[in-house]
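Asker: Dumping the structure here so I can ask a few things about it.
Just so you know, all these numbers are worked out from the coordinates, no wet-lab data involved. Please read these numbers as outputs of a predicted model, since none were measured by experiment. Every residue, glycine as well, gets a Cβ built from its backbone with ideal geometry; the counts of neighbours run over all protein chains shown.
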Amino acid sequence: MAITGIKTKFHPDAVLAETLSQWIGCARVIYNAKCDEDKYLRTYARKCLPVSTWPKPDQTYSQFKTELTSFLSECPSQILRNAATIWFQAYQSFFKGIGGRPARKSRVKGNYIWLTQELFRINWVNAVCHLSIGTKANPVGTLRIKWNKSRIPAQSPKSVWIRKTNAGWSLAFSYDDGLLHQDVSTSEHLAYLKTLDSQALDELITPVDRGVAKPLHTHNAIYALDADSKRKFAWRDKLVKRYQRKAARQVKGSNQRKRTLQRVAKLREKDKEVRTNFWHQTTRALANNSKVIVLEDLKLKNMTKRAKPKICEITGNWLKNGARAKSGLNKALLGVGLYQFEQFLSYKMAAANKPLLKVSPHHTSQECAHCGHIHPSNRISQSDFKCQSCGHADNADHNAALVIRKRAINLIINSGTELAGTHKNVLKLRASVDKSANSCKTLKVKALGAASGLSKKKAA
């Protein structure tokens with residue numbers, strides 16, 4: 001069985017929204033106070049205590065409820081306790097090397113609360129979720145959320161996360177899907193694929209070439225946003241630039257400038273939602289319609305680095321390094337969300353017990369899928385490819401997809417160890433997630449840590 005996460009939007013009334021906002025503010029005060037307290041104690045230990053004597057992190061929070069913070073007494077103690085628990089769990093992750101030391105959170109990053117079982121109750125009525133918030137003695141309000149009947153969990157979640165963004169309110173929780181999953185490792189998949197011939201592998205493998213103009217291109221399909229969505233993306237980008245110019249002329253700290261920046265944040269949040277929805281639908285279609293998927297092992301962090309400065313060795317003057325063009329390329333690569341696609345596809349393929357493999361991305365856009373000739377002049381333009389050796393002409397992205405499949409078949413037949421080493425067994429992630437079903441925060445940290453480890457294993 002596996003843990004499945006659900007996230008949805010909701011629209012609270014004015015009274016409930018104000019109460020939830022107050023709870024979020026109180027939780028953020030506790031979290032930031034724990035960060036400040038830890039910084040003070042570490043500084044004191046470094047200056048006044050013996051060497052290697054450091055304060056021990058704890059989950060206490062009552063010392064912050066004073067006369068100056070009387071508003072904390074109006075907030076349920078479970079909210080304050082959960083905020084201290086989140087800080088403590090983040091510190092434990094720091095000790096394990098998963099993330100950094102807990103730092104203060106602003107309204108942008110810390111605008112959420114963690115509700116445990118004492119603070120909510122869920123009733124399902126005809127696929128409508130009735131979420132009662134508050135304690136039994138002091139109820140706050142009830143949310144009604146429409147749900148897909150096929151995804152109604154058999155058991156109520158043990159905790160719920162509520163977040164407030166510029167786009168509105170969202171609710172998230174995880175539950176056991178109740179389905180039996182077979183743990184099949186990548187090595188076992190490769191052992192079976194080695195028994196097949198090249199023709200059978202050619203029919204099984206779905207190669208995926210990633211790009212900017214066309215986000216995904218397989219051997220038989222193209223996955224991209226429709227024309228209307230692209231038009232709206234361009235329209236929102238134009239509005240963002242207009243509001244940014246307006247904010248540059250406004251006085252810092254003024255209410256008008258805050259409203260302008262809030263409009264910018266709402267537009268960017270809308271882009272994020274559209275992109276996330278597109279990748280969810282695309283990865284679901286790929287996972288359902290494919291048996292084996294092969295990707296390029298792209299190092300997006302290295303691909304989106306800034307252009308290095310250039311200095312003339314004779315005069316010592318700065319030379320043009322194409323920083324403006326490189327910044328535009330970086331913005332385009334990050335705006336598509338190629339790494340998000342890889343994350344979504346990884347867990348969907350793992351849940352379906354299907355292998356997701358990677359091959360080297362070097363010269364896939366310059367190699368001819370027909371004869372194997374590699375030369376930069378083969379790629380005539382973004383969309384056109386013509387081999388200078390055999391004259392083979394094709395769409396550049398389609399040719400790259402065929403090259404990816406050809407490389408994967410050669411590695412499976414001749415070796416296979418390169419494929420096994422580039423993609424860590426994602427099913428191990430499910431085992432670590434099952435142990436942390438009671439905490440959505442721990443689930444998120446482990447999932448991100450395991451996903452980042454996929455590319456580190458090859459480097460090791």
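Asker: Taking 0.36 nm per residue of separation and subtracting the Cα-Cα distance, what length does fully extending residue 300 through residue 258 add?
Answerer: Gain on extension, residue 300 to residue 258, equals 11.8 nm.
Asker: Farthest toward the dipole's positive end in the chain, which of 145, 192, 352, given Cβ charges of +1 (Lys, Arg) and -1 (Asp, Glu) about the Cα centre?
Answerer: Of the listed residues, the answer is 145.
Asker: For log10 I(q)/I(0) by the Debye sum over Cα atoms at q = 0.06, 0.08, 0.13 Å⁻¹, the listed values are [x] -0.35, -0.63, -1.39; [y] -0.29, -0.53, -1.42; [z] -0.29, -0.51, -1.27; which was obtained by calculation from the structure presented?
Answerer: Step by step, log10 I(q)/I(0) by the Debye sum over Cα atoms at q = 0.06, 0.08, 0.13 Å⁻¹ for this structure corresponds to label [x].
Asker: With labels modelled as points extended 7 Å from the Cα through the Cβ direction, what inter-label distance (nm, one decimal) is found for residue 126 paired with residue 281?
Answerer: 2.8
Asker: Pulled fully out, how much extra length does the chain show between residue 227 and residue 291, if you take 0.36 nm times their separation in residues and subtract their Cα-Cα distance?
Answerer: Values: separation 64, 0.36 × 64 = 23.04 nm, distance 2.97 nm.
So the extension gain works out to 20.1 nm.
Asker: Quick one: if you stick a label point 7 Å off each Cα along the C-beta vector at residue 170 and residue 66, how many nm between them?
Answerer: 3.7
Asker: Could I have the simple spin-label model distance between residue 269 and residue 377, label points 7 Å from Cα toward Cβ, reported in nm to one decimal?
Answerer: Between residue 269 and residue 377, the simple spin-label model gives 5.4 nm.
Asker: In the structure displayed, which of 96/291; 146/299; 34/238; 310/358; 230/305; 7/308 lie more than 32 Å apart, Cα to Cα?
Answerer: Pairs exceeding 32 Å: 96/291; 146/299; 34/238; 310/358; 7/308.
Asker: Where a Cα-Cα gap under 16 Å defines reach, which aspartates and glutamates qualify for residue 214, not counting those fewer than 8 residues away within the same chain?
Answerer: Within the straight-line limit of under 16 Å, residue 214 reaches these aspartates and glutamates: 226, 228, 296, 342, 384, 394, 397.
Asker: Quick check: the distance between the Cα centres of region 219-257 and region 97-114, to the nearest angstrom?
Answerer: One Cα centre to the other: 27 Å.
Asker: Hey, another quick one. Would you work out the charge dipole size for the chain about its Cα centre, treating the Cβ of every Lys and Arg as +1 and the Cβ of every Asp and Glu as -1, and quote it to the nearest 20 debye? Could you put the intermediate results ahead of the total?
Answerer: Values: 79 positive and 33 negative charges, 463 e Å.
Roughly 2220 debye, rounded to the nearest 20.
Asker: Tell me, what is a quarter of the convex hull surface for the C-alpha atoms of region 1-180, in nm² with one decimal? Working shown, then result.
Answerer: Numbers: hull surface 52.2 nm².
So the mean shadow area of the Cα hull is 13.0 nm².
Asker: Additional query: How far is helix 14-48 tilted, in degrees, relative to the longest principal axis of the Cα atoms in the chain, given as a value from 0 to 90 rounded to the nearest 10?
Answerer: Helix 14-48 sits roughly 90 degrees off the main axis of the chain.
Asker: Here is a follow-up. Sticking to Cα atoms, compute the Rg of region 103-247 to one decimal and its Dmax as the biggest Cα-Cα distance, whole number, in Å.
Answerer: 23.5, 68
Asker: With unit charges on the beta carbon (Lys/Arg positive, Asp/Glu negative), name the residue among 312, 280, 292 whose Cα is farthest towards the positive pole of the charge dipole of region 279-330.
Answerer: Positive-end residue among those listed: 312.
Asker: Right, next: How big is Rg to Rh over region 184-317, alpha-carbon atoms, Rh as the Kirkwood inverse-mean-distance radius?
Answerer: Here Rg/Rh amounts to 1.16.
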